[in-house]
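Before any comments, here is the structure.
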Amino acid sequence: LARGALPRDLDGRHVVVSAGGTREALDPVRFLGNRSSGLQGYTLARTAAARGARVTLVAANVALPDPAGVRVVAVESALELRDAVLSAADGTEGRSGSAGGGKADAVVMAAAVADFRPAGYRPSKIKKRDGAGPEPVELVQNPDVLAELGACPRAGQVIVGFAAETDDVLANGRAKLARKGCDLLVVNQVGPDLAFGRPDNAAVVLGADGSSVEVPRGPKEALADVVWDLVAARLGG
Ligand code: CTP
Ligand code: CA
């Protein structure tokens with residue numbers, strides 16, 4: 001792979017990438033979380049920067065070094081991630097006059113966003129109750145950030161989602177693409193030893209125009225390059 005010969009086709013573009021996995025707090029010491037390492041999102045951010053883009057990386061609980069030249073916004077929960085992604089997409093985040101401004105040209109939702117959060121946060125640590133067993137945890141649904149982006153498109157903005165599926169990967173992917181209203185959906189097959197925390201990844205990238213691009217198992221950089229190729233093609237010259 002000719003990594004030295006990356007095109008500068010994202011010069012002057014602002015892209016937003018979300019990465020990692022949200023944590024939904026139960027009490028001051030516990031949360032509901034997921035196994036996303038943030039590796040794919042960080043690779044996407046690094047690759048976009050190398051191709052000339054100004055990158056806002058919304059990072060949910062990622063234990064990786066900040067990629068050089070990328071603005072990193074750390075978040076914890078789905079609600080925090082939503083605020084950070086939507087304001088970066090609108091170009092309204094940060095202090096006025098800072099590097100933040102300017103509507104995003106593309107938003108890539110690589111983060112694993114928790115579908116549900118505990119209905120109530122307990123400000124004190126939950127204690128065992130002698131003999132009474134655990135109290136059930138009531139959950140409420142989180143907003144769907146990708147669907148919100150897809151439902152209210154900002155002119156010319158390319159919206160990319162990720163989907164991890166265990167069965168009926170392509171059919172589920174097509175249905176999800178339509179439901180979320182995004183331009184591209186990267187569909188990964190996941191299982192006990194696939195995708196999560198691994199340096200390589202196989203995927204198919206579905207387009208709202210009916211296209212589909214298969215990305216063979218390989219480094220996450222290769223998938224990132226395919227994603228930005230497809231985004232750049234949709235942004236035009
Ligand atoms: N996503 C999001 N907000 C949520 C949940 C998911 O923005 N509350 C985004 C993810 O970042 C990802 C895409 O939606 O890009 C697909 O996530 P996935 O969990 O596969 O889709 P869901 O609609 O949550 O469907 P499922 O019931 O299969 O989990
Ligand atoms: Ca989900």
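Relative contact order, percent, of segment 69-163 when contacts are C-alpha pairs under 8 Å separated by at least 6 residues? Computed over segment 69-163, the figure is 31 percent. Pairs from the table (125/176; 103/220; 180/220) lying more than 31 angstrom apart at Cα are 125/176.
Distant-in-sequence amide contacts of residue 27, defined by a placed amide H-H separation under 5 Å and a gap of 5 or more residues or a different chain, comprise 122.
What does the convex hull of the alpha-carbon atoms of the chain project to on average, in nm²? Could the numbers behind the result be given before it?
Details: hull surface 58.5 nm².
Answer in nm², one decimal: 14.6.
Summing +1 for each Lys or Arg and -1 for each Asp or Glu among the other residues whose beta-carbon sits under 12 angstrom from that of residue 62 gives -1. Considering only 21, 133, 156, give the residue with the highest GNM mean-square fluctuation for the chain, with springs between Cα atoms whenever their separation is below 10 Å. The residue with the greatest mean-square fluctuation here is 133.
Quick check for you: with a 1.4 Å probe and neighbouring chains kept, what is the accessible area per residue of the chain, in Å²?
50 Å²
Taken as Cα centroids, segment 222-237 and segment 106-165 sit 28 Å apart, rounded to the nearest whole angstrom.
Of all the stretches in the chain, which is the longest one without any exposed loop site, taking trypsin sites (Lys or Arg not before Pro) in a DSSP loop (any state but H, G, I, E, B) with at most 12 other Cβ atoms within 10 Å? It would help to have the intermediate numbers written out before the result.
Details: sites that count: 8, 35, 95, 125, 127, 128, 129.
It works out to 130-237.
Would you work out the relative contact order for the chain, in percent, from Cα pairs under 8 angstrom that are 6 or more residues apart? Intermediate results must be reported in sequence, preceding the final value.
Working: 494 pairs, mean separation 43.6, N = 237.
18 percent.
Normalised by 2.2 N^0.38 Å, where N counts its residues, the alpha-carbon radius of gyration of segment 1-92 equals 1.17.
The values are calculated or read from the model by the stated rules, or taken from the named source; none is laboratory data. The structure presented is a predicted model; accordingly, all values stated were derived computationally and were not measured. Glycine also receives a Cβ, built like all others from the backbone with ideal geometry; neighbour counts cover every protein chain displayed. The accessibility values were calculated without ligands, DNA or RNA, using every heavy atom of the protein model including side chains. Shrake-Rupley method; radii C 1.70, N 1.55, O 1.52, S 1.80 Å.
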